[in-house]
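Here is the structure we will look at, set down as structure tokens.
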Amino acid sequence: MQAVDHVTLATNNGAIGGGEVMLLRIAEALRELSVEVTVVAPATPGGVAEAAKKAGFETVQLHVKNRLSWMWQLRRWDAKHRKGVLWCNGLVPATATWGHRDRIVHLHQHPDGLHRVLSALSRVGAVATLVPSAHMLRSVPGARVMPNWTALMPRSERSPGPDAPFTVGFLGRLGPDKGVHVLAQAMRLLDEQDPGRYRLALAGEPVFVAKSKVEQVEQALAEVDALVDRVGWVRPSEFFDTIDLLVVPSVWEEPFGLVAAEAMSAQVPVVVSDAGALPEIVGSETGMVTPKGDAPALAEKIARIASGNEGVDVAVQHARWAENYSPTAGVVRVRELLDTLGA
């Protein structure tokens, strides 16, 4: 393959989610490397297309009715009109364009069931397959690890009064896979041990969570309702200013852990479970990892941090972010990938 001077980024969805945020960050990194970028996305929903146009990228909007229509239209468009390398940002565009030449397949989720078959099909003809963590190599062998990255999130100096409660924060989808019920159980244990000492700031909504799963989470939260402040959707940078510790208590195999990386950039102490790639993100050697699903262990960890009996070196966490998950690190990895393709 000749040197890469143009990349077309195909989105997984028209609406903006975590993977689509990464598409826009990849586009920015490519532009910084003087590579021309085209973003192709559904016209409806138009979140990705509008964000790409606002950022100044050439944008192609395809008029589609549903996901299957998007895949069909994308395959036809790619065969006739694409310029340069096609960067398939997710399983949907990768499957839609299987067998086409000069494609990068970028998978953000562990493929299972039918998705495992589609993942294998989508890689036919690909010049590279990318995953966001070494942990994902277990389900996508032979791929190349390209960790996600996040912008720097400066944090205001936090100086709560001596009698202020210790505020634990959760940011993300309010579902049992994210371990919200485990965190609720841990908060109940903490309040029993030291009434009034702790509060839980809960940011997020149960988007794409089944009704039965929402009920499971709500039942757990009802037991600590007096301790919980629900803030809904909020900018991470604003949320981090209000908490003393971020907890990421997932119980499913996280393919990355963007919220943890964001907290590290803001120098907010962060504790994660040992689910999926989370220990890989914060560093398993930091001591900020607890067993997934273990509410007593999580409560003990929070209590030790709140009491000062377990030190948290946020400068070390921030340095880890700067080296591995910052925009600068992202540009370096994109350059290395393009150099490999153009060799």
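Rule-based calculations on the coordinates, nothing more; no lab input. Treat the numbers as computed from the prediction; the structure is a model and nothing was measured. Cβ: placed from backbone, ideal geometry, glycine included. Neighbour counts: every protein chain shown.
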Query raised in the report: Pulled fully out, how much extra length does the chain show between S284 and R67, if you take 0.36 nm times their separation in residues and subtract their Cα-Cα distance?
Result: 74.3 nm
Query raised in the report: Roughly how many whole Å is it from the C-alpha centroid of the range 24-42 to that of the range 247-280?
Result: 27 Å
**Report entry** Centroid-to-centroid separation of the range 59-109 and the range 171-239 [C-alpha atoms, Å]
**Finding:** 37 Å
Report summary line: Shape call for the range 208-323, from the Cα gyration tensor axes a ≥ b ≥ c (a/c under 1.5 means rounded, otherwise prolate when a/b beats b/c, else oblate), comes out rounded
Query - Shape of the chain, Cα gyration tensor, a/c cut at 1.5 - result: prolate
Report summary line: For the range 163-271, listing chymotrypsin sites (Phe, Trp or Tyr not before Pro) in a DSSP loop whose Cβ sees at most 15 other Cβ atoms within 10 Å gives F208, W233, W252
Report summary line: Across 10 Å bins beginning at 0, the whole-percent shares of Cα-Cα pair distances in the range 90-170 come to 16, 36, 16, 13, 12, 6, 0
Query raised in the report: Which ordering of I243, I281, I16 is given by a fewest-first count of other beta-carbon atoms within 10 Å?
Result: I16, I243, I281
Query raised in the report: How about the range 51-147: which trypsin sites (Lys or Arg not before Pro) there are in a DSSP loop, with at most 15 other Cβ atoms within 10 Å of their Cβ?
Result: K65, K83, R101
Report summary line: Most exposed first, judged by fewest Cβ atoms within 10 angstrom, S307, S273 run S307, S273
Query raised in the report: So for V48, V117, V312, V168, fewest C-beta neighbours within 10 Å to most, what's the order?
Result: V117, V312, V168, V48
Query - Between helix 211-222 and the chain: long-axis angle, C-alpha atoms, 0 to 90°, nearest 10 - result: 30 degrees
Requested in this report: Provide the percentage of antiparallel DSSP beta bridges, counting only those with both residues in the chain; round to the nearest 5.
Outcome: 0 percent
